[in-house]
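What follows is a short report on a single structure.
The values are calculated or read from the model by the stated rules, or taken from the named source; none is laboratory data. This is a predicted model, so every value here is computed, not measured. For neighbour counting, all protein chains shown are included, and Cβ atoms are generated from backbone atoms with ideal geometry for every residue, glycine included.
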Amino acid sequence: MYVCLVTQNESTISMSANLTTKPRLTTAQIWNMSVGFLGIQAGFALQNGNASNILQRYGADVHELPNFWLVAPIIGMIVQPIIGHYSDRTWNKLGRRKPYFLAGAIAACFGMMLMPNAGVLAAALPLVLMGAGMLMIMDASFNVAMEPFRALVADKLPTEQRTLGFSVQTALIGVGAVIGSWLPWFLAKKAGYADTAAEGLVPENVKWSFYLGALLFLVAIVWTLVTTKEYPPEEQARYSGEPEGGPEKGGLGLIFKDLANMPSTMRQLGWVQFFSWFGLFSMWVFTTPAIAHHVYGCAIDDTTSQAYSDAGNWTGIIFGVYNGVSALYALLLPTIAAKIGRKKTHAMSLFLGGIGLISMYFATSPNFLILSMVGVGIAWASILAMPYAMLAGSLPAHKMGVYMGIFNFFITIPQIVSGIINRPIVKYAFGNNAIYAIVMAGFFFLLASLASMMVKDEDDVVAGSN
């Protein structure tokens with residue numbers, strides 16, 4: 001056991017301990033606790049692959065797309081630290097993190113069913129604004145469900161299993177994203193659902209993809225709820241040195257205090273995350289219009305032709321490819337990281353992702369883009385695992401949730417910056433030719449690779465890898 005002292009005016013916690021060693025989990029337990037992320041990412045993949053398509057069908061111009069996509073990072077920046085703060089302080093019959101999984105899943109299903117049917121409610125607002133509202137509901141719900149999952153891995157796993165835990169989570173993210181990315185193509189080409197629609201309407205294959213994605217989301221979350229047991233507060237205290245009396249008392253203002261006191265490793269990872277997520281946001285927003293014009297030969301303002309629908313469906317396919325690659329590569333990450341260290345593994349992966357994005361400029365056919373997405377998939381796997389594995393070891397256990405939420409600032413801020421500056425860049429510098437935004441995203445990945453080498457990963461098990 002240990003003794004802990006918390007003063008009312010100071011957040012410093014002094015502990016003397018022979019802490020009980022946190023038990024290692026079985027492989028099945030590690031997989032079960034991450035199944036919910038499969039459903040979350042299936043929903044994200046449907047959003048990432050189809051939101052630009054849907055919003056253009058609702059009347060948005062290509063250079064306006066970043067404005068609508070800003071909803072996601074703004075909502076995430078607000079929601080995730082708050083959810084992290086309160087999940088650190090929650091304990092009820094469902095557990096500590098699990099109540100937030102369930103609430104987020106139910107709300108996300110609601111948003112996913114309404115997004116492709118915004119026209120039903122369009123009498124209240126212009127169609128494009130109604131679509132943006134549904135996008136906001138989905139984003140808020142995804143963030144409520146997602147944030148506690150990162151903290152759950154850190155709560156449950158000892159240090160030596162964290163890289164494996166985040167890698168398994170990434171593998172399941174990849175599987176879910178493949179399903180979400182390929183559903184519209186499968187329903188159109190294999191199940192016979194229509195993939196074209198009149199102006200202002202969403203094709204049937206996309207609608208039913210969102211319905212099925214919502215069902216998968218809910219089932220996957222329930223799987224984790226049923227199969228995973230969280231440590232109660234007193235047991236978590238024995239394993240991780242959390243205060244037995246509970247976290248530091250205080251309201252949401254503590255988030256700003258924790259932000260000011262973040263560990264140095266977290267600050268260094270912030271630059272890596274900034275460059276990575278600037279590039280990812282650009283890729284998600286502009287891939288469909290980029291390949292529609294650059295590869296399929298569509299006019300820049302074309303959103304109703306069969307060629308544009310084919311480009312949208314192919315975006316889903318290649319997004320499924322990069323997510324499939326990420327699922328496989330994630331299983332290799334623990335081995336690679338054990339040999340060369342986590343930060344070098346991350347730097348190498350980001351470099352390959354940057355090359356993959358830049359190569360899209362040289363695509364001569366849709367099939368060429370599959371090769372481009374291999375590099376993106378390698379980077380994506382590492383982005384979802386390595387920063388969190390490096391971060392978790394630098395965080396105080398009793399603030400794991402709030403710091404995982406604060407870390408989301410380094411994901412949302414670059415997306416907001418990307419959304420703000422991409423609009424004038426794409427419109428005036430690139431002449432609405434979105435392929436140049438993809439190339440720019442590749443160069444941001446290369447900057448992230450360089451920044452990764454500057455991180456001091458004190459928790460890495462590889463000697464000399466800092």
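Does any residue in region 148-173 that is closer than 15 Å to Glu230 by Cβ come within less than 7 Å, Cβ to Cβ, of a residue that is charged (D, E, K, R) and part of a helix (DSSP H, G or I) six or more places away or on a different chain, and which pairs are these?
Val153/Arg162; Ala154/Arg162
Anything in region 86-97 that is surrounded by fewer than 24 Cβ atoms within 10 Å (Cβ to Cβ) and either of a type in the set (Val, Ile, Thr) or in a helix (DSSP H, G or I) (or both)? List them, or say none.
Of region 86-97, the ones surrounded by fewer than 24 Cβ atoms within 10 Å (Cβ to Cβ) are 86, 89-96.
The answer is Tyr86, Thr90.
Do we find that Ile291 is out of contact with any Asp or Glu (no Cβ under 7 Å at 6 or more places or on another chain) and buried (at least 24 other Cβ atoms within 10 Å of the Cβ) in this structure?
When the stated conditions are applied, Ile291 passes them.
Within region 412-436, restricting attention to residues that are surrounded by 23 or more Cβ atoms within 10 Å (Cβ to Cβ) and aliphatic (A, V, I, L, M), which residue is farthest from the chain's Cα centre (by Cα)? Break it down stepwise before answering.
First, pick out the residues of region 412-436 that are surrounded by 23 or more Cβ atoms within 10 Å (Cβ to Cβ): 412, 414-415, 418-419, 422, 426, 434.
From what is left, the residues that are aliphatic (A, V, I, L, M) are 426, 434.
Details: Val426: 24, Ala434: 23 Å.
This residue is Val426.
Please verify whether Ala292 is at pLDDT 90 or above, in contact with a Phe, Trp or Tyr (Cβ under 6 Å, 6 or more places away or on another chain) and either over 16 Å from Leu357 (Cα atoms) or outside any loop (DSSP other than H, G, I, E, B) (or both), treating the condition exactly as stated.
Numbers: at pLDDT 90 or above: yes; in contact with a Phe, Trp or Tyr (Cβ under 6 Å, 6 or more places away or on another chain): yes; either over 16 Å from Leu357 (Cα atoms) or outside any loop (DSSP other than H, G, I, E, B) (or both): yes.
Yes.
Say we look at region 295-319 and pick out the residues that are among the hydrophobic types (A, V, I, L, M, F, W, C) and assigned to a helix (DSSP H, G or I); which of these is surrounded by the fewest Cβ atoms within 10 Å (Cβ to Cβ)?
Residues of region 295-319 that are among the hydrophobic types (A, V, I, L, M, F, W, C), as a first pass: 295, 298-300, 307, 311, 314, 317-319.
With the extra rule that they be assigned to a helix (DSSP H, G or I), the set shrinks to 307, 311, 314, 317-319.
Details: Ala307: 15, Ala311: 25, Trp314: 21, Ile317: 20, Ile318: 24, Phe319: 28.
The extreme case among them is Ala307.
Ala191 fails exactly one of the following numbered conditions: (1) of a type in the set (A, V, I, L, M, F, W, C); (2) over 15 Å from Asn323 (Cβ atoms); (3) part of a helix (DSSP H, G or I). What is the number of that condition?
For Ala191, the exception is condition (3).
Any idea which of (1) more than 20 Å from Ile173 (Cα to Cα); (2) without any contact (Cβ under 8 Å) to a residue 60 or more places away in the chain; (3) among the aliphatic types (A, V, I, L, M) is the one Ile336 doesn't satisfy?
Here Ile336 meets the rest and fails (1).
Looking for whichever is over 19 Å from the mean Cα position of the chain (by Cα), closer than 30 Å to Ser326 by Cα and at pLDDT below 90 here; the options are Val206, Val178, Val202. Which one fits?
On the way: Val206 fails: at pLDDT below 90; Val178 fails: over 19 Å from the mean Cα position of the chain (by Cα).
It is Val202.
Hey, among the residues in region 220-275 that are surrounded by 15 or more Cβ atoms within 10 Å (Cβ to Cβ) and of a type in the set (Val, Ile, Thr), which one's modelled with the highest pLDDT?
The selected residue is Val272.
Considering only residues that are in a helix (DSSP H, G or I) and aliphatic (A, V, I, L, M), look in region 253-277 and name the one that is farthest from Ala347 (Cα to Cα). Step through it out loud before you land on a result.
Restricting attention to region 253-277, the residues satisfying the condition of being in a helix (DSSP H, G or I) are 253-260, 264-277.
Still in the running and aliphatic (A, V, I, L, M): 254-255, 259-260, 266, 269, 272.
Values: Leu254: 33, Ile255: 30, Leu259: 26, Ala260: 27, Met266: 16, Leu269: 12, Val272: 9 Å.
Filtering first and then ranking leaves Leu254.
Can you work out which of the residues in region 377-401 that are over 16 Å from Leu269 (Cβ atoms) and among the aliphatic types (A, V, I, L, M) is surrounded by the fewest Cβ atoms within 10 Å (Cβ to Cβ)?
Only one residue tops the list, namely Ala397.
Residue-wise test of (1) of a type in the set (Gly, Ala, Ser); (2) crowded, with 17+ Cβ neighbours inside 10 Å; (3) in contact with a Lys or Arg (Cβ under 9 Å, 6 or more places away or on another chain).
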position: Glu160; (1), (2), (3): no, no, yes
position: Phe166; (1), (2), (3): no, yes, yes
position: Leu172; (1), (2), (3): no, yes, no
position: Trp182; (1), (2), (3): no, yes, no
position: Ala191; (1), (2), (3): yes, no, no
position: Trp208; (1), (2), (3): no, yes, no
